[in-house]
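The values are calculated or read from the model by the stated rules, or taken from the named source; none is laboratory data. Bear in mind the structure is a predicted one, so any value in this text is a computation, not a measurement. FYI the Cβ positions are ideal-geometry reconstructions off the backbone, even for glycines, and counts take in every protein chain you see. SASA here: full protein model, heavy atoms, side chains in, ligands and nucleic acids out. Shrake-Rupley method; radii C 1.70, N 1.55, O 1.52, S 1.80 Å.
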Amino acid sequence: NFEGHNSIPNLIEQENIDNEPAAMDAIREKLRIYRQSRTVLHKDDKILTAWNGLMIAALAKAGLVLEEPHYLAAAGRAAEFIGSHLSSKDGRLLARWREDEGAFPGKLDDYAFYAWGLLELYSSTFKIQYLSEAQRVAGLLLDFFFDQEHGGLYPYASDGEQLLTRSKEVYDGAMPS
């Protein structure tokens, strides 16, 4: 909406929203033709390990609290996907999946959120494989991200790209998403 003018087609002012006005098909077609003339935007269709770890935790909790087995099943499928598609041959996590390919070494948030998701899934199902995998992932997190000298965790693995300095965040920042 710009300066009191409605710039978004909608049916808000229509009394019976179940029945579209006859002109809607023509409006949709005009909009479709206009959109086809514009530059096609790229689709962000990547699957991120960290965000899926968060989703697994949420689905596991929701499945338990709401007694919805399909939420637990979805969380289990997501964990299986990460385990089979977003893990390298040596068992390390990859950061993203896109176009049938996992890529980029996992970062601290990938390991932390995936381990948390697995712990929540274990807490909701008591399936030991989730606890075992969470323990394995947490071990990798400590092996590759923990600062033995000063404590705390680095955002990038010790064997990752070598930068001039290996810095750590000194604050608990909000996630940009």
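The lone criterion from (1) surrounded by fewer than 11 Cβ atoms within 10 Å (Cβ to Cβ); (2) touching a residue at least 60 places away in the same chain (Cβ under 8 Å) left unmet by Gln162 is number (2).
The test for being surrounded by 19 or more Cβ atoms within 10 Å (Cβ to Cβ) and either touching a Phe, Trp or Tyr at 6+ places or on another chain (Cβ under 7 Å) or not basic (Lys, Arg) (or both) holds for Phe144.
This table checks each residue for (1) open to solvent by 50 Å² or more (accessible area, probe 1.4 Å); (2) under 18 Å from the mean Cα position of the chain (by Cα).
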residue	(1), (2)
Phe81	yes, yes
Arg96	no, yes
Glu99	yes, yes
Leu118	no, yes
Ser123	yes, no
Phe126	yes, no
His150	yes, no
Ala157	no, no
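Exactly one residue among Ala138, Ala134 is surrounded by fewer than 18 Cβ atoms within 10 Å (Cβ to Cβ), out of contact with any Asp or Glu (no Cβ under 6 Å at 6 or more places or on another chain), among the small types (Gly, Ala, Ser) and without any contact (Cβ under 8 Å) to a residue 40 or more places away in the chain, and that residue is Ala138. Within segment 49-68, residues that are within 17 Å of Gly83 (Cα to Cα) sit with their Cβ atoms under 7 Å from residues that are open to solvent by 80 Å² or more (accessible area, probe 1.4 Å), at 6+ positions apart or across chains, in these pairs: Gly53/Trp116; Ala57/Trp116. The condition of being surrounded by 11 or more Cβ atoms within 10 Å (Cβ to Cβ) and either modelled with pLDDT of 95 or more or out of contact with any Pro (no Cβ under 8 Å at 6 or more places or on another chain) (or both) does not hold for Ala174.
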